[in-house]
Amino acid sequence: MKTELQKYLYGRGITQTYVARQLGITPQSLGRKIKGRLNFTWTEVMCLCDVLSVEVQDITMLIPQVLSKSSRKT
């Protein structure tokens, strides 16, 4: 099953390889992060917002684990 981020990328014709390059990580690492197996760093989240042209508050719709993981730390 595709994640919301995968659907978003596919719908806009953006490849995971392109996003990974922009984030400075491997496509394999990005895949693990998208699936929630690894955490995104805040630097990666901010870069992802730039790459996708979305606001920080909107990124949680695409990668909800960012919100859930940050909520546990507060």
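The values are calculated or read from the model by the stated rules, or taken from the named source; none is laboratory data. From a predicted model like this one, the values you see are computed outputs, not experimental measurements. FYI the Cβ positions are ideal-geometry reconstructions off the backbone, even for glycines, and counts take in every protein chain you see.
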What number of residues within the stretch 24-53 satisfy the criterion of being more than 12 Å from ILE63 (Cβ to Cβ) and of a type in the set (A, V, I, L, M)?
-> 3
For the stretch 32-49, the count of residues that are at pLDDT 95 or above and among the small types (Gly, Ala, Ser) equals 0
Out of the stretch 1-51, which residues are under 18 Å from PRO64 (Cβ atoms), of a type outside the set (Ser, Thr, Tyr) and assigned to a loop (DSSP other than H, G, I, E, B)?
-> MET1, LYS2, LYS35, GLY36, ARG37, LEU38, ASN39, PHE40
